[in-house]
Number of protein chains: 2
Amino acid sequence: MSTPTDAQRMEKIVSLCKRRGFIFQSSEIYGGLNGAWDYGPLGVELKRNLKNYWWRVMVHERDDVVGMDGAILTHPAVLKASGHVEGFSDPMVDCRTCKAHLRADQLVEKKGVKQCPNCGGKDLTEARQFNLMFETHVGASAEESSIAYLRPETAQSIFVQFKNILEMSRKKLPFGIAQIGKAFRNEINPRNFTFRSREFEQMELEYFCRPEQGMDLLEYWKEERLKFYENIGIASAKLHVLNVPDAERAFYSKGTYDIEYEFPFGRQELEGVAYRTDYDLSQHQKASGKSLEYFDEETREKFVPHVVEPSAGVDRTVLAMICEAYAEDEAPNDKGQMESRVVLRLHPRMAPIKCAIFPLLKNKEPLVAKAKEVVALLRPQMTVFYDETGAIGRRYRRQDEIGTPFGVTVDFETLGERDPALRDTVTLRDRDSMQQERVAIKDLAGRLVSRVV
Amino acid sequence: MSTPTDAQRMEKIVSLCKRRGFIFQSSEIYGGLNGAWDYGPLGVELKRNLKNYWWRVMVHERDDVVGMDGAILTHPAVLKASGHVEGFSDPMVDCRTCKAHLRADQLVEKKGVKQCPNCGGKDLTEARQFNLMFETHVGASAEESSIAYLRPETAQSIFVQFKNILEMSRKKLPFGIAQIGKAFRNEINPRNFTFRSREFEQMELEYFCRPEQGMDLLEYWKEERLKFYENIGIASAKLHVLNVPDAERAFYSKGTYDIEYEFPFGRQELEGVAYRTDYDLSQHQKASGKSLEYFDEETREKFVPHVVEPSAGVDRTVLAMICEAYAEDEAPNDKGQMESRVVLRLHPRMAPIKCAIFPLLKNKEPLVAKAKEVVALLRPQMTVFYDETGAIGRRYRRQDEIGTPFGVTVDFETLGERDPALRDTVTLRDRDSMQQERVAIKDLAGRLVSRVV
């Protein structure tokens with residue numbers, strides 16, 4: 001259970017996310033659509049940075065992984081073969097008193113009797129299986145055959161295209177296929193802000209291998225993925241690896257690790273790393289009648305490859321980064337008095353804006369002109385933000401709150417009015433230490449690029 | 001009408017797209033899902049390059065545009081207010097003879113009688129309106145109120161979040177909100193490969209302004225967008241601007257340009273640039289009861305902003321780039337004889353792989369080691385591909401066909417075995433001219449980066 005302090009902390013984070021344009025409720029002016037979220041100007045940049053970094057590390061920097069991007073609308077045969085049509089469901093009960101729709105495992109038990117957690121009612125329907133997939137109809141006919149599902153995970157489109165990609169990429173085992181994209185689950189009770197939503201984005205790798213490599217690769221990918229989280233600024237002390245016990249794993253999995261993060265609302269899964277054996281490809285081979293076998297030229301064997309899957313949630317990771325980064329400390333205001341400040345200590349590589357640029361005064365044309373020169377200089381290499389409004393301390397504070405790691409101020413020294421030696425230098429301020437140093441404008445890009453890209 | 005040669009050209013392009021992993025039919029091993037496509041390893045990179053370049057030009061390089069990323073699942077109230085629930089439909093007829101579902105405007109007229117284009121039948125149903133939106137149910141209850149739509153365009157989520165973004169971004173008019181994301185339309189007859197599909201991706205900018213700025217900004221954005229297409233390698237001679245006549249524009253639009261491209265299957269729209277007046281914001285203001293007005297601090301006026309919308313299709317632009325790039329010419333094989341070759345003359349900035357690296361022989365360890373050094377050197381800056389299999393001419397040909405602009409061969413000169421002055425130099429081959437030149441390995445990155453990023 002989360003403590004009251006944690007709940008308060010979470011409230012502040014949600015409020016900051018809305019106020020500063022990270023995350024808005026979807027369709028908000030119409031009362032919102034439960035379980036769906038929109039990313040605002042800062043949120044979309046944070047999410048892009050995360051996804052681009054994942055793609056760089058998981059695809060571009062590797063010889064053994066290629067990418068793909070499959071459709072969301074999915075043929076029902078795909079999800080019958082994968083087991084989702086039959087088995088992707090939660091047991092659900094309705095409360096006849098308050099009409100709430102509840103997941104059966106969320107009922108409260110008092111004196112051995114199950115009660116509705118909303119109203120305390122005991123008049124509950126029998127549990128029934130509720131399939132979590134969204135269904136729609138494709139084409140102009142209303143026949144059964146026209147059903148399509150919104151994919152509940154990106155993984156299945158990888159399995160279904162395995163043979164096409166194997167043939168065109170000429171890869172040898174072990175090799176992987178990576179995908180980032182949206183998936184949809186009709187959660188009975190979306191909750192914890194963006195953590196459990198009905199529309200979400202996944203970053204999945206299916207890494208195909210020989211059967212005897214599976215257990216080692218499971219370990220390998222668990223370690224790789226832990227490194228990834230550290231590289232985006234999530235402290236390893238807040239990450240936990242759960243070795244999912246036999247009884248709780250999918251029946252086809254020979255081993256699964258859950259990588260969990262200590263959110264303010266509790267320890268929750270960020271990513272699953274699962275050794276799925278040859279279950280998926282075998283199912284699709286059987287159902288489609290198409291061979292999904294691999295021919296090993298060295299051993300002259302033909303077999304269905306096994307697969308290890310690191311599957312991460314984009315929205316969860318964005319939320320974890322924000323929760324991890326959120327801090328309150330003290331900083332001096334323009335009069336030198338200490339005031340409390342909110343700061344997002346995002347990893348510079350992830351921060352939506354890398355550098356803010358301020359002219360000391362907005363009504364001094366040479367300061368403004370010089371500041372705009374600095375903007376033009378840095379912009380080709382990183383996201384920048386120009387701000388001339390308000391006292392300089394307040395401008396810093398606005399950037400601290402959204403995680404901008406660097407602030408550059410153009411002042412009278414920059415113009416060389418006081419000390420010619422300081423001409424064309426600026427103050428560079430570090431968000432976390434709040435230290436300021438004098439840096440030549442021409443050295444700025446070089447100083448910053450390696451830290452933010 | 002497309003000529004037989006155009007049809008053949010299109011067939012070759014579709015076949016290349018599948019064979020080399022640009023685009024696959026979705027759910028292909030189960031017979032495919034009509035109107036949905038999967039992007040393979042090369043297609044996903046091409047699409048990423050296009051989207052990233054659009055984002056760079058339209059968001060990052062501008063002071064006056066911010067981005068967002070909204071949910072696909074959309075509250076029905078949003079699409080009632082926008083007019084989609086009522087009016088986003090095509091007239092449709094069924095042929096009672098062959099059971100085909102047809103768009104009314106696709107019927108063939110012979111001697112004044114409408115006939116089915118499939119079977120020639122004349123027994124057709126009356127035309128009825130068929131709404132193009134995909135519908136699904138959200139939550140565990142089957143009530144009417146639980147309907148949600150898959151968004152038919154990304155634009156509406158921008159309008160709905162206008163106020164939130166205005167407040168957090170502190171922008172002054174004119175300013176824009178940009179979005180890239182999927183949208184869905186239940187087309188009666190998907191056709192022309194990925195051109196008209198049921199699931200597609202859009203790149204949309206809503207550029208808000210004062211009413212009197214609308215017509216000028218319409219011209220401005222038309223010109224900006226034409227430049228964009230030239231910058232990604234689409235010849236201006238193949239682009240056409242259609243000034244949509246009054247009678248064919250949406251009733252609320254004061255001016256619309258269609259930017260069309262000469263596809264092998266005919267001249268078709270790539271992008272619409274529309275001056276939509278204050279229609280959308282006014283509709284949402286009325287329907288939601290929330291003020292979507294802007295307060296102009298200089299003039300002290302309060303009003304609903306007008307908007308100019310450049311709306312481009314990702315999939316259509318990817319297809320246009322491939323069609324534009326596809327060429328057949330002649331190249332010498334390894335014996336010096338001329339052979340026909342297929343080459344994708346993609347703009348280097350768009351090419352999925354920027355540089356291919358080949359050791360002359362795969363069984364010469366020093367050549368392989370040096371080639372891998374070059375891979376490691378270039379990889380942090382661009383996508384590279386290492387290939388050691390087959391004759392060198394064949395390896396070039398494989399890269400030509402997927403549009404790789406540069407090829408680097410590591411040969412015995414590189415090892416300094418013949419001429420010490422050539423040690424650590426490689427041949428750099430240009431895809432289009434097929435010219436080769438000798439370049440020092442240390443100069444490679446510098447030579448290539450500015451051309452491919």
Query raised in the report: How big is the stretch A:89-131 by the Kirkwood estimate over distinct Cα pairs, in Å?
Result: 10.1 Å
Report summary line: With no solvent term and unit scatterers on the alpha-carbon positions of the protein assembly as shown, Debye gives log₁₀ I(q)/I(0) at q = 0.06, 0.07 Å⁻¹ of -0.45, -0.62
Requested in this report: Return the calculated 222 nm mean residue ellipticity for chain B, to the nearest 500 deg cm²/dmol, obtained by summing -39500 (n - 2.57) across DSSP H runs with n ≥ 4 and dividing by the residue count.
Outcome: -9000 deg cm²/dmol
Report task. Mind checking which lysines have their Cα closer than 19 Å to the Cα of B:Lys238? Skip sequence neighbours fewer than 8 apart in that chain. Result -> B:Lys222, B:Lys227
Report summary line: With +1 on the Cβ of every Lys and Arg and -1 on the Cβ of every Asp and Glu, the dipole magnitude of the protein assembly as shown about its Cα centre, in debye rounded to the nearest 20, is 140 debye
Requested in this report: List the distances, in nm and shortest first, from the label point of B:Gly83 to the matching label points in every other copy, placing each point 7 Å from Cα along the Cα-to-Cβ direction.
Outcome: 5.0
Query raised in the report: More than 31 Å apart: what percent of Cα pairs in chain A qualify?
Result: 52 percent
Report task. Pick out, in residue order, every one of the trypsin sites (Lys or Arg not before Pro) in the stretch A:351-453 that is DSSP loop and has at most 13 other C-beta atoms within 10 Å; say none if there are none. Result -> A:Arg418
Query - Förster radius 56 Å - calculated FRET efficiency between B:Glu328 and A:Arg267, Cβ distance, rounded to 0.05 - result: 0.40
Query raised in the report: So who's got an amide H within less than 5 Å of the one on B:Phe263, skipping anything under 5 residues away but keeping other chains? H placed 1.01 Å off N, in plane.
Result: B:Gln268
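Could you tell me which of rounded, prolate or oblate describes the stretch B:60-189, using a ≥ b ≥ c as the square roots of the eigenvalues of the alpha-carbon gyration tensor, with rounded for a/c under 1.5 and, failing that, prolate when a/b is larger than b/c and oblate otherwise? Show your work: numbers first, answer last.
Numbers: a/c = 3.60, a/b = 2.09, b/c = 1.72.
It comes out prolate by the Cα gyration axes.
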Query raised in the report: Quick one: Cα centre-to-centre distance for the stretch B:143-219 and the stretch A:259-282, in angstrom?
Result: 34 Å
Query raised in the report: Which residues make up the longest stretch of chain B clear of GluC sites (Glu not before Pro) that lie in a DSSP loop with no more than 13 other Cβ atoms within 10 Å, not counting the sites?
Result: B:144-296
Query raised in the report: What are the nm distances, shortest first, from B:Glu417 to its equivalents in the other copies, labels at 7 Å along Cα→Cβ?
Result: 6.9
Query raised in the report: In whole Å, what three semi-axes, largest first, describe the equivalent ellipsoid of the stretch B:219-352 built from its Cα gyration tensor (square root of 5 times each eigenvalue)?
Result: 44, 15, 12
Query raised in the report: Within 10 Å of each Cβ of A:146-154, how many other protein chain Cβ atoms are there on average?
Result: 2
Query - All-pairs Cα distance distribution in the stretch A:353-452, expressed in whole percent, bin size 5 Å - result: 3, 14, 27, 27, 20, 8, 1
Report task. Would you pull out the residues with amide H under 5 Å of B:Phe385's amide H, same chain only if 5 or more places away, H placed 1.01 Å from N? Result -> B:Cys355, B:Ala356, B:Ile357
Query raised in the report: Closest to the A-onto-B rotation axis, which residue of chain A has its Cβ, and how many Å off the axis is it?
Result: A:Thr136, 2
Query raised in the report: Where in the stretch A:80-185 are there trypsin sites (Lys or Arg not before Pro) that are in a DSSP coil and have at most 11 other Cβ atoms within 10 angstrom of their Cβ?
Result: A:Lys111, A:Arg170
Requested in this report: Quick one: which residues, 5 or more positions from B:Glu271 or on another chain, have an amide H under 5 Å from its amide H? H modelled 1.01 Å from N in the peptide plane, none for Pro or chain starts.
Outcome: B:Ile259
Report task. Over the stretch B:89-131, with every protein chain in place, what whole percent of the accessible area is carbon and sulfur at 1.4 Å, could you tell me? Result -> 48 percent
Query raised in the report: Put simply, what bits of the stretch A:57-100 lose 40 Å² or more of accessible area when the other protein chains are there, versus the chain on its own (1.4 Å probe)?
Result: A:His60, A:Asp63, A:Asp69, A:Ala71, A:Ile72, A:Leu73, A:His75
Query raised in the report: Any idea how far the Cα center of the stretch B:393-448 sits from the one of the stretch A:404-453, in Å?
Result: 41 Å
Requested in this report: Starting from the Cα of B:Asn52, step 7 Å toward the Cβ, then list every residue of the stretch B:349-371 with an amide N under 17 Å from that point.
Outcome: B:349-356
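I'd like the chymotrypsin sites (Phe, Trp or Tyr not before Pro) in the stretch A:190-296 restricted to DSSP loop residues with at most 13 other Cβ atoms within 10 Å, sorted by number.
Here the sparse-neighbourhood loop sites are A:Phe251.
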Report summary line: Chains A and B: accessible area buried, summed over both chains, 1.4 Å probe, nearest 100 Å², reads 6700 Å²
Query raised in the report: If the stretch A:180-225 were replaced by its equivalent ellipsoid, with semi-axes equal to the square roots of 5 times the Cα gyration tensor eigenvalues, what would those be, largest first, whole Å?
Result: 30, 12, 10
Report summary line: Inter-copy distances for B:Gly31, nm, shortest first, label points 7 Å along Cα→Cβ, are 4.1
Query raised in the report: Using θ = phi - 60° and the Karplus curve 6.51 cos²θ - 1.76 cosθ + 1.60, what whole-Hz ³J(HN,Hα) does each residue of the stretch B:80-89 get, with Gly and Pro shown as x?
Result: 6, 4, 6, x, 5, 5, 7, x, 8, 9
Report summary line: Rounded to whole Å², per residue accessible area for the stretch A:64-189 with a 1.4 Å probe reads 40 Å²
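The values are calculated or read from the model by the stated rules, or taken from the named source; none is laboratory data. Fair warning: this is a prediction, and the values are worked out from it, not measured in the lab. Ideal geometry is used to build each Cβ from the backbone, glycine not excepted, and the neighbour counts take in all protein chains shown. Heads up: the accessible areas ignore ligands, DNA and RNA and are worked out on the full protein's heavy atoms, side chains in. Shrake-Rupley method; radii C 1.70, N 1.55, O 1.52, S 1.80 Å.
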